[in-house]
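Visitor: Sharing a structure below in structure tokens format, with a few things to ask.
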Amino acid sequence: MNINTFLDEHLEKINNAGLHRNLRFIEGPQDNKVLIGGIEYINFCSNNYLGLANDSRLKEAATKAINSFGTSTASSRLICGSFNLHKELEEKIAEFKHSESALVFNSGYVANLGIISSLIGKDGLILSDRFNHASIVDAIILSRAQYSRYAHSDMKQLENLLNKHKQIERKLIVTDTVFSMDGDVAKLAEIVSLANKYDATVMVDEAHATGVLGPTGGGLVEELGLSKKIDIQMGTLSKALGSFGAFVCGKPNLIEYFINASRPFIYTTSLPPAVLAASIKAIEIIQNEPQRRDRLWDNIRFMRENLSSSGIDCLESQSAIIAILTRDSELTMEFSRRLFERGIFIQGIRQPTVPKDESRLRLTVTANHRRQDLEQALEAIKATAKELDFI
Ligand SMILES: *Cc1c(COP(=O)(O)O)cnc(C)c1O
């Protein structure tokens with residue numbers, strides 16, 4: 001088939017199904033408000049949980065790094081692209097995550113590919129929560145391992161699968177710690193004890209937990225005191241840290257293995273100096289300013305309590321991610337469109353990101369939202385929900 005015929009047919013199909021997606025362009029920094037088409041909107045879409053993406057200290061650190069190291073590493077890490085800044089950042093991450101050592105990857109997506117595909121091959125087994133991030137799903141396919149997805153947080157099914165595949169030597173259980181669509185948290189203590197019982201390895205993705213959960217922002221692993229019991233901790237620098245890139249933490253032999261065997265680590269140009277320096281500064285700020293996390297959690301509680309008391313189903317969120325479940329993709333997009341007209345930017349999420357009957361608005365709260373921003377959003381959400389006969 002001619003490529004253009006294929007493209008046009010595909011686009012027409014998703015158009016007809018109302019599932020076409022468009023890019024929206026932001027004309028200024030990510031903050032509590034964003035500028036779109038010259039108009040300011042209160043922003044509930046970013047993962048900028050601690051409000052660091054436009055922090056003057058991160059910008060200053062990035063600028064300084066550009067002046068000292070230039071704009072590019074111009075090489076992969078193993079050729080000549082490892083800068084002192086990589087080392088400094090990796091030491092900081094290891095300390096922040098209470099781990100022995102760390103390695104930086106170019107993004108969360110790439111980190112998951114690099115970790116999972118290099119660790120488990122055809123003779124191994126991967127067990128993955130059905131709600132895990134798409135990058136984990138893709139990584140599993142790339143690994144060519146045998147795999148099963150267990151129903152979301154279903155520990156009984158996880159145990160059944162472990163039991164059924166007892167004879168397989170290399171077994172990996174992988175889970176998000178905060179799930180990106182519902183905002184709920186993994187049953188990590190139970191996962192760890194099942195892994196011990198069946199001699200499996202545990203890997204966690206702390207993308208949405210890093211900087212948000214734990215007494216020093218170290219994530220769910222820190223909050224539950226499981227740092228010594230999790231073999232592989234992955235997290236991103238692109239969400240609460242307001243920077244870009246990702247990391248994996250573990251024992252030194254794990255890191256040495258990835259440096260030698262992980263193709264998504266080896267065959268790519270490494271992160272530029274500005275990004276490395278911004279990440280280092282972000283970790284310092286997170287460690288020194290717990291009040292940011294306190295502000296974030298005040299905002300989360302305020303939003304959740306007010307939405308729930310208006311009769312809105314927010315699922316079991318225990319993080320900065322709050323779902324407003326509509327269970328209908330058209331209603332979701334109409335809801336989102338009307339909120340946008342009222343100056344509130346909340347993205348609608350529908351298939352294929354979530355199953356059709358789990359369509360929802362998904363809002364994320366940050367430390368930089370003012371109480372007034374939240375009150376304005378709540379008013380708009382309630383008014384729109386009434387208009388649409390939703391509550
Ligand atoms: C965002 C996210 C990623 C991808 O991270 P990027 O740095 O944006 O590539 C991976 N896993 C989870 C759970 C995420 O939420």
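The values are calculated or read from the model by the stated rules, or taken from the named source; none is laboratory data. Owing to the predicted nature of the structure, the values given are computational and were not obtained by experimental measurement. No Cβ is skipped: glycine too gets one built from the backbone with ideal geometry, and neighbour counts run over all protein chains shown. Accessible surface is based on the protein model in full, side chains and every heavy atom, while ligands, DNA and RNA are left aside. Shrake-Rupley method; radii C 1.70, N 1.55, O 1.52, S 1.80 Å.
Visitor: How many residues are open to solvent by 10 Å² or more (accessible area, probe 1.4 Å) and within 16 Å of the ligand (Cβ to nearest atom) if we restrict to the range 188-202?
Guide: Selection size over the range 188-202: 0.
Visitor: Counting only residues that are surrounded by fewer than 24 Cβ atoms within 10 Å (Cβ to Cβ), within 15 Å of the ligand (Cβ to nearest atom) and assigned to a helix (DSSP H, G or I), how many does the range 262-281 have?
Guide: 2
Visitor: Any idea which of Gln167, Gln157 is assigned to a loop (DSSP other than H, G, I, E, B), without any contact (Cβ under 8 Å) to a residue 60 or more places away in the chain and either under 18 Å from Ile116 (Cα atoms) or away from the ligand (no atom under 15 Å from the Cβ) (or both)?
Guide: Just one listed residue meets the conditions, Gln167.
Visitor: Follow-up question, since we're still on this one. On the basis of being over 30 Å from Thr384 (Cα atoms), open to solvent by 20 Å² or more (accessible area, probe 1.4 Å) and charged (D, E, K, R), does Glu316 make the cut?
Guide: No; evaluated as a whole, the condition is false for this residue.
Visitor: For Ser308, indicate whether it is at pLDDT below 95 and open to solvent by 40 Å² or more (accessible area, probe 1.4 Å).
Guide: Here the answer is yes, as Ser308 does meet what is asked.
Visitor: Exactly one of these conditions fails for Asp55: (1) more than 15 Å from the ligand (Cβ to nearest atom); (2) surrounded by fewer than 21 Cβ atoms within 10 Å (Cβ to Cβ). Give me its number.
Guide: With respect to (1) more than 15 Å from the ligand (Cβ to nearest atom); (2) surrounded by fewer than 21 Cβ atoms within 10 Å (Cβ to Cβ), Asp55 is out only on (2).
Visitor: Hey, could you check the range 72-89 for residues that are under 22 Å from Cys249 (Cβ atoms) and touching a strand residue (DSSP E or B) at 6+ places or on another chain (Cβ under 8 Å) and say which is surrounded by the fewest Cβ atoms within 10 Å (Cβ to Cβ)?
Guide: For the range 72-89, the residue satisfying everything is Ser76.
Visitor: Given the conditions (1) of a type outside the set (Ser, Thr, Tyr); (2) in a loop (DSSP other than H, G, I, E, B); (3) surrounded by fewer than 22 Cβ atoms within 10 Å (Cβ to Cβ), which single one is not true for Ile259?
Guide: So Ile259 meets the others, but not (2).
Visitor: Only residues that are surrounded by fewer than 22 Cβ atoms within 10 Å (Cβ to Cβ), of a type in the set (Val, Ile, Thr) and within 11 Å of the ligand (Cβ to nearest atom): list them for the range 100-141, please.
Guide: Val110, Val137, listed by residue number.
Visitor: Name the single residue, out of those in the range 165-187 being of a type in the set (S, T, N, Q) and open to solvent by 10 Å² or more (accessible area, probe 1.4 Å), that is farthest from Lys97 (Cα to Cα).
Guide: Filtering first and then ranking leaves Gln167.
Visitor: Any residue at all in the range 203-219 that's within 16 Å of the ligand (Cβ to nearest atom), in a helix (DSSP H, G or I) and in contact with a Lys or Arg (Cβ under 9 Å, 6 or more places away or on another chain)?
Guide: The answer is no, given that none of the residues of the range 203-219 is within 16 Å of the ligand (Cβ to nearest atom), in a helix (DSSP H, G or I) and in contact with a Lys or Arg (Cβ under 9 Å, 6 or more places away or on another chain).
Visitor: Name the single residue, out of those in the range 228-240 being near the ligand (Cβ under 10 Å from one of its atoms) and assigned to a loop (DSSP other than H, G, I, E, B), that is surrounded by the fewest Cβ atoms within 10 Å (Cβ to Cβ).
Guide: Ser238
Visitor: Here's something else I'd like to know. Do we find that Leu127 is in contact (Cβ under 8 Å) with a residue 60 or more places away in the chain and over 15 Å from the mean Cα position of the chain (by Cα) in this structure?
Guide: Answer is yes for this residue.
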